[in-house]
Amino acid sequence: MAKKIQSVKGTRDLLPPATRRWAAVEEIAREVFGSYGYGEIRTPLLEHTELFVRSVGEATDIVGKEMYSFDDRKGRSLTLRPEGTAGIARAFVQHAMGSSGLPIKLFCIGPQFRYERPQRGRYRQFHQIDAELIGDPGPTSDAELLLMLVRFLERLGFDELTVLLNTVGDEASRGAYREALVDFLEPLRDRLSGDSRRRLESNPLRILDSKVPVEQELLEAAPRLDDYLNRESGDHFEAVRRALDGCGVAYRIEPRLVRGLDYYSRTVFEIVAEGLGSQDAIVGGGRYDGLIEELGGPAVPAIGFAIGQDRLIDILPEAFDAGCSAEPPVHLVAAGEVDPVALLELGEELRTAGLAVETEVGGRSVKAALKRADKAGARWMVLAGEDELGRGEVALRDLALGEQIQVSRETAIAKIKEKE
Ligand code: HAM
């Protein structure tokens, strides 16, 4: 026997019927985001490596050790996208999307790639539902984006998720804070982990995110970012909070929340869910007012989020499935010798009438077909014999009641539809 080939580590096959949940979630995202004026964008999975180096940032884990980068046949360095925002910002600049008026609201659903250690809720190919509002600096946009996110999650049946909210200030505030933080941590260098010691040089704010208990304790006494906010950044944050309060969006200020990507300024947020273990963030996002200009575009502010779809699907409330499970199909089977084309035609007729039909094309016996229909949870079976087909009739079996009647095709269709 030939050797079997397995899927690549950290990637998954999503199989039916589980894929129904995926499709249902995506449909609701399209509907909810559409109702806020967002249009769908689909950017390539492949981008120039430089795009992520310049946007996500050289000193981040993503760029430093998690990207799937390779040289193509002409020696150009390409990367499988590790996140969606950079590609969307690139597309915005490339197509001068702002020229017909701002803001532009976009969403994107699709796979992302990061070379991380796979575990539950963490994959090397994972999926994001991403939304970006490009071209408005005001706090009302921050609030509306978060409102849309919360409404979407509510539509899926979540009711107890809290937005963790913080501000990382603008560039000037962050610079002042960075200095203060390094001054505080430098004397404690010996007590820091190797990772944090490295970050002290490259990306000190990320140390705030440390999960190491000793470091978390040390950080209790660290200077706080909100003490270093300049007026504009402080006012902005204040206005975002006021708007969220006004709209009834539940949030909790998390003063040490910093994000793992470099492009953020001002508002940042995450949503974490219980029951996912260490991989508990299901949404991450924030404002990135300097990114578009950094990528050669105009100075256009923006804000967005990405939902980890794999994690979201994992914790969907049970009631969600009831709403997205399709009616099992009608099973159509030949009773005895029947012209297979006539059976296919009958299947088409039933489908045209709006029914989902599983035709037993394998010449299965009625008994075997019954077993399959039963396993699929089907309610109806249509049995077609040669003579009946000639008369335009079928035998309709109600599998729930165990009754069978001889009726015209039209009556069979009407009866099935009546009970659906
Ligand atoms: P992020 O926090 O890196 O942000 O990712 C967003 C979400 O993607 C995470 O909260 C998590 O649910 C999911 N995720 C990340 N890595 C994995 C993985 N290896 N396996 C499964 N799920 C994962 C961003 O990507 C930003 N682009 C978000 C954003 C949009 N900011 C502004 N606009």
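One chain, two ends: residue 102 and residue 342. Fully extended at 0.36 nm per residue, the span grows by 80.6 nm beyond their Cα-Cα distance.
Distance from the alpha carbon centroid of segment 3-53 to that of segment 286-314 works out to 17 angstrom. Once backbone amide H atoms are built at 1.01 Å from N, residue 300 has 292, 293 as its partners under 5 Å, excluding neighbours fewer than 5 places away on the same chain. For the chain, modelled as a Gaussian network with Cα springs under 10 Å, which listed residue fluctuates most, 60, 49, 19? Highest fluctuation of the listed residues: 19. Heavy-atom accessible area, probed at 1.4 angstrom with all protein chains present, ranks 127, 331, 95 as 95, 127, 331, highest first.
Charges at C-beta only: +1 for Lys and Arg, -1 for Asp and Glu. How large is the resulting dipole of the chain about its Cα centre, in Debye rounded to 20? Please list the in-between numbers first.
Working: 55 positive and 70 negative charges, 244 e Å.
Using Cβ point charges on Lys, Arg, Asp and Glu, the chain gives about 1180 debye.
Distant-in-sequence amide contacts of residue 112, defined by a placed amide H-H separation under 5 Å and a gap of 5 or more residues or a different chain, comprise 126, 127, 128. Along segment 343-358 the Karplus relation, 6.51 cos²θ - 1.76 cosθ + 1.60 evaluated at θ = phi - 60°, assigns HN-Hα couplings of 5, 4, 5, 5, x, 4, 4, 5, 5, 4, 6, x, 9, 8, 10, 10 Hz to successive residues, with x for each Gly and Pro. Binning all Cα-Cα separations of segment 94-161 at 10 Å, short to long from zero, yields these whole-percent fractions: 16, 32, 35, 16, 1. Largest first, the three principal axis extents of the alpha carbons in segment 251-321 are 45, 28, 19 Å in whole numbers. Let me know the longest stretch in the chain that avoids all trypsin sites (Lys or Arg not before Pro) found in a DSSP loop with at most 15 other C-beta atoms within 10 Å. Looking at the chain, 225-363 is the longest stretch - no exposed trypsin sites (Lys or Arg not before Pro) with at most 15 other Cβ atoms within 10 Å. Could you let me know the centre-to-centre spacing of segment 199-256 and segment 124-155, using Cα atoms, in angstrom? With segment 199-256 and segment 124-155 each reduced to a Cα centre, they are spaced 20 Å. The gain in end-to-end length when the residue 398 to residue 48 segment is fully stretched comes to 120.1 nm, 0.36 nm per residue minus the alpha carbon separation.
Between residue 294 and residue 147, what is 0.36 nm times their sequence separation minus the Cα-Cα distance? Round to one decimal in nm. Write down the numbers at each step before the final one.
On the way: separation 147, 0.36 × 147 = 52.92 nm, distance 2.81 nm.
Residue separation times 0.36 nm, minus the Cα-Cα distance, leaves 50.1 nm.
Taking only alpha carbon atoms, segment 327-418 gives an Rg to Rh ratio of 0.91, where Rh is the Kirkwood radius.
Whole number in Å², please: accessible area per residue of segment 368-420, 1.4 Å probe, ligands, DNA and RNA not counted.
57 Å²
Charge dipole of segment 327-418 (Cα centre as origin; +1 on each Lys and Arg Cβ, -1 on each Asp and Glu Cβ, all else neutral): 420 debye, rounded to the nearest 20.
Hey, with R₀ at 41 Å, roughly what FRET efficiency would residue 216 and residue 74 work out to, going by the Cβ-Cβ distance, to 0.05? It would help to have the intermediate numbers written out before the result.
Working: r = 47 Å, r/R0 = 1.16.
Step by step, r from the Cβ atoms, then E = 0.30.
Can you tell which of 169, 308, 75 shows the greatest fluctuation in a Gaussian network model of the chain with Cα springs below 10 Å? So, out of 169, 308, 75, the one fluctuating most is 75. Hey, with R₀ at 60 Å, roughly what FRET efficiency would residue 411 and residue 115 work out to, going by the Cβ-Cβ distance, to 0.05? Approximately 0.50, to the nearest 0.05. With each label modelled as a point 7 angstrom along the Cα→C-beta vector, the residue 314-residue 247 pair spans 2.8 nm. 3J(HN,Hα) couplings calculated from phi for segment 77-92 with the Karplus curve 6.51 cos²θ - 1.76 cosθ + 1.60 (θ = phi - 60°) are, in sequence order, 7, 10, 9, 6, 4, x, 6, x, 4, 4, x, 5, 5, 4, 5, 4 Hz; Gly and Pro show x.
Which of the GluC sites (Glu not before Pro) found in segment 102-205 are loop residues per DSSP with 10 or fewer other Cβ atoms within 10 Å of their Cβ?
Values: sites: 116, 132, 144, 154, 160, 171, 179, 201; in loops: 116, 160.
Answer by residue number: 160.
Per residue, segment 47-187 exposes 43 Å² of solvent-accessible protein surface, assessed with a 1.4 angstrom probe and all protein chains in place. Per-residue accessible area (protein heavy atoms, 1.4 Å probe) orders 168, 214 as 214, 168, starting from the largest. Counted by Cβ distance under 15 Å from residue 215, the other residues give a net charge of +2, where Lys and Arg count +1 and Asp and Glu count -1. The ellipsoid that matches the Cα gyration tensor of the chain has semi-axes, each √(5λ) in whole angstrom, of 54, 23, 21, with the longest given first.
A crude spin-label estimate for the pair residue 95 and residue 1, with each label 7 Å from Cα along the Cβ direction, gives 4.8 nm. How much FRET efficiency would the formula 1/(1 + (r/R0)^6) give for residue 176 and residue 391, where r is the Cβ-Cβ distance and R0 is 60 Å, rounded to 0.05? Between residue 176 and residue 391 the formula returns 0.10.
Accessible surface of the chain, 1.4 Å probe: 49 percent of it comes from carbon and sulfur atoms.
The values are calculated or read from the model by the stated rules, or taken from the named source; none is laboratory data. In this text, all values refer to a predicted model and were calculated from it rather than measured experimentally. Glycine also receives a Cβ, built like all others from the backbone with ideal geometry; neighbour counts cover every protein chain displayed. SASA here: full protein model, heavy atoms, side chains in, ligands and nucleic acids out. Shrake-Rupley method; radii C 1.70, N 1.55, O 1.52, S 1.80 Å.
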